[in-house]
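In what follows, a single structure is set out as structure tokens and then discussed.
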2 protein chains.
Amino acid sequence: MPRSGRRRGDSGSRDAILGAARSGFAAHGYDRATIRGIARAAGVDPALVHHFFGTKAELFTSAMSVPVNPEQLLPAVLAPGTDGLGERLVRFFLTMTTAADSPFAGIVRSAMTHDPSARMLREFVTREILGRLVLAIDADEPELRASLVASQLVGLGMARVIVGIEPLASASDEVVVSAVAPTIQRYLTGPLH
Amino acid sequence: MPRSGRRRGDSGSRDAILGAARSGFAAHGYDRATIRGIARAAGVDPALVHHFFGTKAELFTSAMSVPVNPEQLLPAVLAPGTDGLGERLVRFFLTMTTAADSPFAGIVRSAMTHDPSARMLREFVTREILGRLVLAIDADEPELRASLVASQLVGLGMARVIVGIEPLASASDEVVVSAVAPTIQRYLTGPLH
């Protein structure tokens, strides 16, 4: 009896935290939402949020049902340095967007229509993905380079997953990687001007 | 009296045609909508639609309030051939998307959310823009090349106009052209594999 009660309590707390996280990120954006504020809205202790979900980035990916946590995957993509990083980033992006349960399309669609979603997504991508990428770029104008990388990858996701521009939408990952990786690599390490 | 009556009649017919065009393109898509069907829905002769609005592409750009008609502008961009075409296409796209009255953001937003808009937009872009671009590409796999060009340009519009990824969103046109034109040029004429 206590055991099943405990399990229901955990599950109820987890759901309350995820609901409060979705509301909190939508209301305040990714940057200004806090674990403490989300815990208060869920009626739990902040330590329980950390215990269940880890960091703010991990809570965000859980609340938004993002199947891949960039905080776990991205360091492995970035660690070997900028040699071949263009190709590794394209493969990473293809994994993130084309997984069967990827919410990429849903997230981008809601970002298009609801300004809070757009802001939340922009702040998350800027801080947790581009912010880490900027630190890995060993060239002038790293912020401009990271935003150019983002423009090609976002456009690739739009063309393949959302608008469906053929033949790119149906092209194999290998065709996409060989065509797009040199673009990403030049944005990362090549001349821009 | 007849003169003002005539003017009101013209204006009423124009509005009826534009309304019927918006409904017709949304219901049937760009490819399957016809001038004849739109004229019938508006209660006018097809010749009047041609007289007021020209071709189907021109009627579409008028109905969607696109400030630049690609049927007029694109031939000038394509005519000089593939030398420097990457740069000319980037400049063309910046003109289309950043004009003060550009409906780019609105069109892309509605394309994200309403499947009929997505289909209509995809068909228009595929036929009237990518279709012309494919014919101008003098290299293997012209369709794949055109869709790669589209992926970078759509992503550029997303990053600058819709999501606002800095510093790219605020970068000058000259910075964007020098960074992105080589990407477009490689997609048009360079090695893909």
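The values are calculated or read from the model by the stated rules, or taken from the named source; none is laboratory data. What you see is a predicted model, and the numbers here were worked out from it, not measured in a lab. Note that each Cβ is placed from the backbone with ideal geometry, even for glycine, and that neighbours are counted across all protein chains shown. Surface accessibility is based on the protein's heavy atoms, side chains included, excluding ligands, DNA and RNA. Shrake-Rupley method; radii C 1.70, N 1.55, O 1.52, S 1.80 Å.
From the C-alpha coordinates alone, can you work out the Kirkwood hydrodynamic radius of the protein assembly as shown, in Å?
On the way: mean 1/r = 0.0436 Å⁻¹.
That comes to 22.9 Å for the protein assembly as shown.
Pairing the Cα long axis of helix B:142-157 with the longest principal axis of chain B, what angle in degrees results, from 0 to 90 and rounded to the nearest 10?
80
May I ask you to work out the translational diffusion coefficient for chain B at 25 °C, viscosity 0.890 mPa s, via Stokes-Einstein with Rh from the Kirkwood sum over Cα pairs, reported in whole µm²/s? Spell out each step's value before the answer.
Numbers: Rh = 18.1 Å.
For these conditions, the coefficient is 136 µm²/s.
By Cβ position, which chain B residue lies least far from the axis that rotates chain B onto chain A, and what is the distance to the nearest whole angstrom?
B:Gly155, 1
Need one value for B:160-169: mean number of C-beta atoms belonging to other chains within 10 Å of its residues' C-beta atoms. It would help to have the intermediate numbers written out before the result.
Values: counts 2, 0, 6, 12, 5, 12, 7, 7, 9, 3.
Average neighbour count from other chains, rounded to a whole number: 6.
In Å², what does the accessible area per residue of chain B work out to with a 1.4 Å probe?
Working: 8820 Å² over 193 residues.
That works out to 46 Å² for each residue.
Can you find, among B:Thr126, B:Thr61, A:Leu144, the residue sitting farthest towards the positive end of the charge dipole of the protein assembly as shown, where Lys and Arg contribute +1 and Asp and Glu -1 at Cβ?
B:Thr61
What ³J(HN,Hα) values, in whole Hz, does the Karplus curve 6.51 cos²θ - 1.76 cosθ + 1.60 give for the stretch A:119-135 when θ = phi - 60°, with x put for Gly and Pro?
3J(HN,Hα) across the stretch A:119-135, in whole Hz: 5, 4, 5, 4, 5, 5, 5, 5, 7, 8, 10, 5, x, 6, 5, 3, 5.
Enter the buried accessible area of the B/A pair, total of both sides, probe 1.4 Å, in Å² rounded to the nearest 100. Mind dumping the intermediate values first?
On the way: alone 10350 and 10360 Å², together 17650 Å².
Chains B and A together bury roughly 3100 Å² of accessible area.
When only Cα pairs under 8 Å and 6 or more residues apart are kept, what is the percent relative contact order across chain A? Mind showing how you got there, number by number?
Working: 178 pairs, mean separation 43.5, N = 193.
Contact order relative to length: 23 percent.
From other protein chains only, count the Cβ atoms within 10 Å of every residue's Cβ in A:121-134, then give the mean.
Average per residue, whole number: 1.
Assuming 1.567 mPa s and 4 °C, estimate D for the stretch A:108-193 with Stokes-Einstein, Rh taken as the Kirkwood radius over Cα pairs, in µm²/s. Please report the intermediate quantities before stating the final value.
Working: Rh = 14.2 Å.
Translational D for this selection: 92 µm²/s.
Determine ³J(HN,Hα), in whole Hz, for all residues of the stretch B:48-64 in sequence, where each value follows from phi through the Karplus function 6.51 cos²θ - 1.76 cosθ + 1.60 and θ = phi - 60°; x replaces Gly and Pro.
5, 4, 4, 4, 7, 10, x, 7, 4, 4, 5, 4, 4, 5, 5, 5, 8
Tally up the carbon and sulfur contribution to the accessible surface of chain A as a whole percent, 1.4 Å probe, everything protein left in place. List each step's numbers first, then the result.
On the way: 4880 of 8830 Å².
With neighbouring chains kept in place, the figure for chain A is 55 percent.
For every helix of n ≥ 4 consecutive DSSP H residues, a contribution of -39,500 (n - 2.57) applies; sum these over chain B, divide by its total residues, and give [θ] at 222 nm rounded to the nearest 500 deg cm²/dmol.
Details: 11 runs with 137 residues, N = 193.
Result for chain B, helices only: -22500 deg cm²/dmol.
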